[in-house]
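J.: Please find one structure pasted underneath; my questions will follow.
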Amino acid sequence: MGHKRWLVLLLVLIITAIAISGCRQTPDTTPPEPQQQEENQENQTDAIREEWADSAHATVTNADSSNSPAKRDGCIICHDGRAYNKQISSADELDTGEPVGADCETCHTGHGKEVWQSGLVQLPAGEVRDGGGALCMDCHNARSIPDPADRPAPHASAEADIVMGINGFHVEGKTYGSSPHTAVKDTCFGCHMADLGKGYPSHTFRSELETCEQCHKGIDSINMKAKDDYDGDGTVEGFQDEVDGLLKMLHDTIQARLEGGTFTSTHGRIAFMDEKEEEMEEVPAELYHGAWNYYLVANDGSRGIHNPLYVVQLLQQSILMLGGDLGEAKQL
Ligand code: HEC
Ligand code: HEC
Ligand code: HEC
Ligand code: HEC
Ligand code: HEC
């Protein structure tokens, strides 16, 4: 082999080496230009604004009705973000203008920011100190405590009570527990405001499956298969279906005790009707307490996910208290 050939081969090798090292880019460690940074932030705020605009917080409850809770004394403090922020409960005290839902200012300034940072909130059922989720609990709570004399109903937003495992009616002699979900960091934030890989906390306010995966490997549905048959229908279904089954059983057990009568939640109270559809004045306390637990779980909106152990215990014990039959159900 002549010298020339070796030389050519060497040259080719050197060129290839240079070419390869040139392709491997050195990581860019210089911070983005201030202008770029500003642009990124603007894009992020736009994305957050879009998610929020599609969420329930951007709508005012029954906005078109003159009876909307965003226009009524006592209701506006949760149903109008400005009223909440200034802690105003009289509609006259609030400036005029169209009501707003829970907007950016509601949570990021004023009273909202204070509650968020303090992690402390006063609920009708007592004080809760458990991180940032206090902000959500300030509005998302049952608004009342059980009272068989006045018979209040839990509000449509009983989430805080169920998540914290408080405010249900407890049967004497039975101990109630809470599921490990209560320990999720910042409670509500942990599941409803997670960073889903987009670089900012989600503002759809929905809880997505991704947030469950860190603890439930391989989970394929929010309605994940239960560990056991809690409603005693002989099959192990999705956990939310088990809870629906228990809710129906409790409903039917209360109805059966009313012998042709019915019960309903209306104007913030639980009303019991006799077989002539007339409201009953005397109602046994245990029927009211069973109905309270029924609405507390139903109005929580998560079909048991917020606190699986507490919800199964509340429903099963209420059914047994009222003489219902759980069959072969796994009792917790
Ligand atoms: C100022 C009171 C207020 C605060 C604070 C608040 N919410 Fe809400 N939220 C509401 C109201 C009122 C609605 C119902 C709006 C409507 O009529 O659609 C709602 C609706 C929702 C819904 C949709 C419910 C449904 O049935 O579709 C979710 C989920 C939710 N909120 C989660 C949260 C979370 C998580 C937080 C804390 C980060 C929070 N909220 C903080 C008042 C509040
Ligand atoms: C402590 C805060 C708070 C107060 C006070 C409050 N609400 Fe609400 N309300 C909520 C929240 C939060 C929701 C959203 C519940 C959800 O979707 O989970 C809601 C939902 C509702 C809904 C929708 C129910 C449904 O099933 O879709 C109505 C109607 C309503 N409230 C009426 C009222 C009225 C009327 C008042 C005053 C008498 C009132 N609220 C006072 C927090 C409150
Ligand atoms: C219901 C309450 C609520 C509303 C309404 C809301 N946010 Fe947030 N926002 C939060 C919470 C809670 C976090 C932090 C979540 C976490 O860190 O786990 C957050 C985080 C953020 C962040 C990330 C930086 C930071 O401050 O932590 C930005 C930016 C932001 N929000 C912008 C907005 C904008 C813009 C709007 C209106 C379009 C808005 N938010 C509406 C509750 C809210
Ligand atoms: C362990 C995770 C987790 C935690 C913690 C959690 N949530 Fe949820 N939440 C869920 C899931 C899952 C659902 C049901 C969604 C479904 O069925 O698709 C839900 C449902 C809801 C709903 C009803 C939504 C609807 O569309 O009807 C509201 C409102 C809500 N949560 C608010 C809260 C509040 C307020 C807190 C804190 C007090 C909280 N959540 C804590 C996971 C969580
Ligand atoms: C921080 C960890 C953690 C997160 C996040 C979490 N879970 Fe759990 N979950 C647990 C633990 C621990 C248990 C108790 C397991 C046991 O009983 O063996 C549990 C129990 C449950 C149960 C009760 C099962 C039964 O049949 O008794 C259901 C259903 C459930 N989780 C669903 C969910 C869903 C849906 C999400 C997401 C929205 C979620 N979990 C998020 C840790 C978590």
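J.: Which ³J(HN,Hα) values in Hz, rounded to whole numbers, follow from the phi angles of the range 87-95 under the Karplus curve 6.51 cos²θ - 1.76 cosθ + 1.60, where θ = phi - 60° and Gly and Pro get x?
T.: Along the range 87-95, the couplings run 6, 9, 10, 9, 4, 5, 6, 7, 4 Hz.
J.: Still on this structure, I have one more. Restricting the calculation to Cα positions, tell me the Rg (one decimal) and the Dmax (whole number) of the range 192-332 in Å.
T.: 18.0, 59
J.: Okay, moving on. What is the packing order of peptides 183-190, 103-110, taking the mean over residues of other C-beta atoms within 10 Å and listing the highest first? Intermediate values should be presented prior to the final figure.
T.: On the way: 183-190: 17.8, 103-110: 16.2.
The peptides rank, most packed first, as 183-190, 103-110.
J.: Could you point to the residue in Ala291, Val312, Ala256 farthest towards the positive end of the range 233-332's charge dipole, with +1 and -1 charges on the Cβ of Lys/Arg and Asp/Glu respectively?
T.: Going by the Cα projections, it comes out as Val312.
J.: Sort out for me the Cα centre separation of the range 274-332 from the range 95-162, rounded to whole Å.
T.: That distance is 24 Å.
J.: Sticking with this one: Taking θ as phi - 60°, what are the ³J(HN,Hα) couplings along the range 73-82 by the Karplus curve (6.51, -1.76, 1.60), each to the nearest whole Hz, with x for Gly and Pro?
T.: For the range 73-82, the Karplus curve yields 3, x, 9, 4, 4, 10, 8, 10, x, 5 Hz.
J.: Arg269: net charge of surrounding residues, Cβ under 14 Å, Lys/Arg +1, Asp/Glu -1, itself excluded?
T.: Net local charge, Arg269 excluded: -2.
J.: Equivalent ellipsoid semi-axes for the range 192-271, as square roots of 5 times the alpha carbon gyration tensor eigenvalues: give them largest first, rounded to whole Å.
T.: So the equivalent ellipsoid measures 35, 21, 6 Å along its semi-axes.
J.: Let me ask you something else. Once every Cα of the range 148-209 carries one equal point scatterer and solvent is ignored, give the base-10 log of I(q)/I(0) from the Debye formula at q = 0.13, 0.16, 0.18 Å⁻¹, two decimals.
T.: -0.52, -0.70, -0.80
J.: Less than 15 Å Cβ to Cβ from Asn67, Lys/Arg counted +1 and Asp/Glu -1: what total charge do the surrounding residues give?
T.: Once positives and negatives cancel, what remains is -1.
J.: For a protection proxy built on the mean count of beta-carbon atoms within 10 angstrom, sort 38-49, 55-66 highest first, please.
T.: The densest-packed peptide leads the list: 55-66, 38-49.
J.: Counting only pairs 8 or more places apart or on different chains, how many lysine pairs in the chain have C-alpha atoms closer than 25 Å?
T.: Total qualifying Lys-Lys pairs in the chain comes to 22.
J.: Something else now. Given H placed on each backbone N at 1.01 Å, which residues far from Ala153 in sequence or on other chains put an amide H within less than 5 Å of it?
T.: Arg269, Ile270
J.: Still on this structure: Cα convex hull of the range 56-169: how many Å³ per residue?
T.: Spread over its residues, the Cα hull of the range 56-169 gives 108 Å³ apiece.
J.: Next up: How many angstrom lie between the C-alpha centres of the range 38-90 and the range 165-241?
T.: 26
J.: Now for a separate question. Taking 2.2 N^0.38 Å as the expected size of a compact globular protein, what ratio does the Cα radius of gyration of the chain give against it, to two decimals?
T.: 1.39
J.: Residue by residue through the range 219-236, what is 3J(HN,Hα) from phi via Karplus (6.51 cos²θ - 1.76 cosθ + 1.60, θ = phi - 60°)? Round to whole Hz and write x for glycine and proline.
T.: 4, 10, 7, 4, 7, 5, 4, 5, 7, 7, 8, 8, 9, x, 8, x, 10, 8
J.: With labels modelled as points extended 7 Å from the Cα through the Cβ direction, what inter-label distance (nm, one decimal) is found for Glu172 paired with Asp150?
T.: The modelled label-to-label distance comes out at 2.4 nm.
J.: Could you work out the local net charge near Glu281, counting Lys and Arg as +1, Asp and Glu as -1, over the other residues with Cβ closer than 14 Å to its Cβ?
T.: With Lys, Arg at +1 and Asp, Glu at -1, the neighbours total -2.
J.: While we're looking at this one, here's another question. Determine, from the Cβ-Cβ distance of Thr59 and Lys248 and an R0 of 35 Å, the FRET efficiency 1/(1 + (r/R0)^6), rounded to the nearest 0.05.
T.: Efficiency at R0 = 35 Å is approximately 0.70.
Any read-out appearing in this document is the output of simple, stated calculations on the displayed coordinates, not a laboratory observation. The model shown is predicted, which means the values in this text are computed figures rather than measured ones. Here Cβ is always computed from backbone atoms with ideal geometry, including for glycine, and neighbour counts include all displayed protein chains.
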